[in-house]
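Trainee: Below is one structure. I have some questions about it.
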Amino acid sequence: MKQDLNPRELLATLVSFPTVSRDTNLPLVEWVEGYLQSHGIGSRRLMSPCGTKAHLYAQVGPEIDGGVILSGHTDVVPVDGQAWSTDPWTLTERDGKLYGRGACDMKGFDALALYAMTRAATRDLKRPLQLAFSYDEEVGCAAVIDLVEAMRGELPKAREVLVGEPTMMKVVSGHKGGLGYQVRVRGFEVHSSLLPYGVSAIMQAAKLIDWANQKNAENAVRTPSDLAAPFVPPFTTLHVGMIEGGTAHNITAKDCSFFIEFRFVPGESPDDWAKAFEAKAAELTVEMQKIQPDTGIDLVRGFALPALAPEIDGAAEALARRLTGDNGSHVVSYGTEGSQFQTRGYSTVICGPGDIAQAHQPDEFLSLEQLAAGEAFVEKLLDQLCA
Ligand SMILES: [Zn+2]
């Protein structure tokens, strides 16, 4: 049965599916498929390797290049241990705000994108509108690569990608990239009085961490590139936020594990940073194995997300500026799926309702005002697509 839901009703429905990244999003995907189908819009699913999640993509309008992609993720962060004053899975209005997990990040935009698709189906589009709904954005923005590849292979090539992460409807043209490693240093235990005959995993880990300190110092004094200059700070940073190791003050540590993250500016690549880090680890491993061959450093790559680089005369930026009237230049410090589109040849910006400050918080909300701004944005977009 065909239902015409407004953005708020769509948001309430999307929020009712508890699509935490670790859990399935298939009930939500199935509902979206049915809803689009009731409006005569076919969509395609792309299953995750584990079979419990899916991306969804769809198109409305003529089968030609030059369309617009509305990109959103369907997953949300957990609510465990958070003090919510309402049920996070029931959209609840209070004082002009709509509360619910994902209301801001980013089911508010997802609702607007669905609304745009059904409205587009009733209009005489001159170029197509495409929808991209992903899973696993909140756990590294990597799963979306398959979705981008599928859309690029199977749909007419879109000209602009609008990723609706919360920006208060400002046009955000850049963000830093990220790279993470779980590092395990394997040492060799001896009594600490015999230090030169053992390998302290902790002291070797310290060398690797000090390499990160040195890189931070070098990066900080370099003149920022044009691409890096808008960021705070305007250079790549390396950070170790967790470490554990050792068993006693007088035993050279057998184990030391830590997590290192790189937040790099546009113009620098995750692969280059990965190469540099892995080379340093290999150099230390050689030193360690001279003392004891069974020692070493194991690296497991956690995530790798390219930076989103501000484009020169970018089509997506120009479109988003026309739709929002925002002429400021903005970059953000969080990562998005936008860079996965951009590095695969799509002009991309970030623009969506809500404030990132509310994302991932207990009592996450989207204001009615921002939802209305998003709806106005959709109406203007549809007019552009018909012009
Ligand atoms: Zn998000």
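The values are calculated or read from the model by the stated rules, or taken from the named source; none is laboratory data. What you see is a predicted model; the values in this text were computed from it and never measured. Virtual Cβ from ideal backbone geometry, glycine too; neighbours counted across all protein chains shown. Each accessible area value is taken on the protein alone, full model and side chains, heavy atoms only, with ligands, DNA and RNA left out. Shrake-Rupley method; radii C 1.70, N 1.55, O 1.52, S 1.80 Å.
Trainee: Condition (residue is at pLDDT below 95 and either surrounded by fewer than 23 Cβ atoms within 10 Å (Cβ to Cβ) or away from the ligand (no atom under 16 Å from the Cβ) (or both)) applied to the stretch 25-35: is it met by at least one residue? Reasoning before the result, please.
Mentor: We begin by selecting, within the stretch 25-35, every residue at pLDDT below 95; these are none.
Within the stretch 25-35 (the criterion being at pLDDT below 95 and either surrounded by fewer than 23 Cβ atoms within 10 Å (Cβ to Cβ) or away from the ligand (no atom under 16 Å from the Cβ) (or both)), the answer is no, since none of the residues qualifies.
Trainee: Report, by residue number, each residue of the stretch 255-269 that is crowded, with 20+ Cβ neighbours inside 10 Å and either closer than 17 Å to Thr236 by Cβ or charged (D, E, K, R) (or both). I'd like the intermediate steps shown before the answer.
Mentor: Kept after step one, since they are crowded, with 20+ Cβ neighbours inside 10 Å, are these residues of the stretch 255-269: 256, 258, 260, 262-266, 268.
Scanning the stretch 255-269 gives Ile260, Phe262, Arg263, Phe264, Val265, Pro266, Glu268.
Trainee: In the stretch 93-123, what residues are of a type outside the set (Lys, Arg) and open to solvent by 40 Å² or more (accessible area, probe 1.4 Å)?
Mentor: Residues of the stretch 93-123 of a type outside the set (Lys, Arg): 93, 95-96, 98-100, 102-106, 108-118, 120-122.
Answer for the stretch 93-123, where residues must be of a type outside the set (Lys, Arg) and open to solvent by 40 Å² or more (accessible area, probe 1.4 Å): Glu93, Asp95, Ala121, Thr122.
Trainee: Could you list, in sequence order, the residues of the stretch 177-211 that are within 15 Å of Val240 (Cα to Cα) and small (Gly, Ala, Ser)?
Mentor: Correct list: Gly178, Gly180, Ala205, Ala206.
Trainee: What residue, of Leu284, Leu385, is closer than 30 Å to Val185 by Cβ, touching a strand residue (DSSP E or B) at 6+ places or on another chain (Cβ under 8 Å) and more than 16 Å from the ligand (Cβ to nearest atom)? Give the steps one after another, and end with the answer.
Mentor: Working: Leu385 fails: closer than 30 Å to Val185 by Cβ.
None of the other options fit; the residue is Leu284.
Trainee: Quick one: how many residues across the stretch 51-78 are aliphatic (A, V, I, L, M), surrounded by fewer than 17 Cβ atoms within 10 Å (Cβ to Cβ) and within 16 Å of the ligand (Cβ to nearest atom)? I'd like the intermediate steps shown before the answer.
Mentor: Within the stretch 51-78, the subset aliphatic (A, V, I, L, M) is 54, 56, 58, 60, 64, 68-70, 76-77.
Adding the requirement that they be surrounded by fewer than 17 Cβ atoms within 10 Å (Cβ to Cβ) leaves 64.
Filter once more, keeping what is within 16 Å of the ligand (Cβ to nearest atom): none.
Residues that pass the stated criteria total 0.
Trainee: Same structure, new question: Output the number of residues of the stretch 219-265 satisfying the condition of being in a helix (DSSP H, G or I) and of a type outside the set (Val, Ile, Thr). Talk me through it step by step, then tell me what you get.
Mentor: As a first pass, look at the stretch 219-265 and keep what is in a helix (DSSP H, G or I): 219-221.
Narrowing further to those that are of a type outside the set (Val, Ile, Thr): 219-220.
The number of residues fulfilling the criteria is 2.
Trainee: Contact list please: Cβ distance under 6 Å, first residue in the stretch 136-157 and open to solvent by 70 Å² or more (accessible area, probe 1.4 Å), second residue assigned to a loop (DSSP other than H, G, I, E, B), pairs at least six apart or on different chains.
Mentor: Filtered contacts from the stretch 136-157: Val139/Ser21; Lys157/Asp65.
Trainee: Residues in the stretch 295-306: is at least one of a type outside the set (Lys, Arg) and within 16 Å of the ligand (Cβ to nearest atom)? Give the derivation first.
Mentor: Within the stretch 295-306, the subset of a type outside the set (Lys, Arg) is 295-300, 302-306.
Imposing the further condition that a residue be within 16 Å of the ligand (Cβ to nearest atom) reduces the set to 303, 305.
There is at least one residue in the stretch 295-306 that is of a type outside the set (Lys, Arg) and within 16 Å of the ligand (Cβ to nearest atom).
Trainee: Another question, if that's okay. Considering only residues that are among the polar types (S, T, N, Q) and open to solvent by less than 20 Å² (accessible area, probe 1.4 Å), which ones fall in the stretch 222-254? Talk me through it step by step, then tell me what you get.
Mentor: Step one: list which residues in the stretch 222-254 are among the polar types (S, T, N, Q), which gives 223, 225, 236-237, 247, 250, 252.
Thr236, Thr252 - these are the residues of the stretch 222-254 that are among the polar types (S, T, N, Q) and open to solvent by less than 20 Å² (accessible area, probe 1.4 Å).
Trainee: Also, quick follow-up: Go through the stretch 126-172 residue by residue and tally those that are in contact with a Phe, Trp or Tyr (Cβ under 9 Å, 6 or more places away or on another chain), within 16 Å of the ligand (Cβ to nearest atom) and part of a loop (DSSP other than H, G, I, E, B).
Mentor: Qualifying residue count, the stretch 126-172: 9.
Trainee: I've got another one for you. Considering only the stretch 173-203, state which residues are under 26 Å from Gly302 (Cβ atoms), part of a loop (DSSP other than H, G, I, E, B) and either open to solvent by 20 Å² or more (accessible area, probe 1.4 Å) or basic (Lys, Arg) (or both). Break it down into steps so the answer makes sense when it comes.
Mentor: First, the residues of the stretch 173-203 that are under 26 Å from Gly302 (Cβ atoms): 174-187, 199-203.
So of that shortlist, the ones also part of a loop (DSSP other than H, G, I, E, B) come out as 176, 187, 200.
Lys176 - this is the single residue of the stretch 173-203 that is under 26 Å from Gly302 (Cβ atoms), part of a loop (DSSP other than H, G, I, E, B) and either open to solvent by 20 Å² or more (accessible area, probe 1.4 Å) or basic (Lys, Arg) (or both).
Trainee: I would also like to ask the following. With the requirement that a residue be within 16 Å of the ligand (Cβ to nearest atom), assigned to a helix (DSSP H, G or I) and open to solvent by less than 10 Å² (accessible area, probe 1.4 Å), what does the stretch 314-362 give you? Spell out how you get there, then give the answer.
Mentor: Filtering the stretch 314-362 down to residues within 16 Å of the ligand (Cβ to nearest atom) leaves 332-341, 348-361.
Cutting the leftovers down to assigned to a helix (DSSP H, G or I) gives us 338-341, 356-358.
Answer for the stretch 314-362, where residues must be within 16 Å of the ligand (Cβ to nearest atom), assigned to a helix (DSSP H, G or I) and open to solvent by less than 10 Å² (accessible area, probe 1.4 Å): Gly338, Ser339, Gln340, Phe341.
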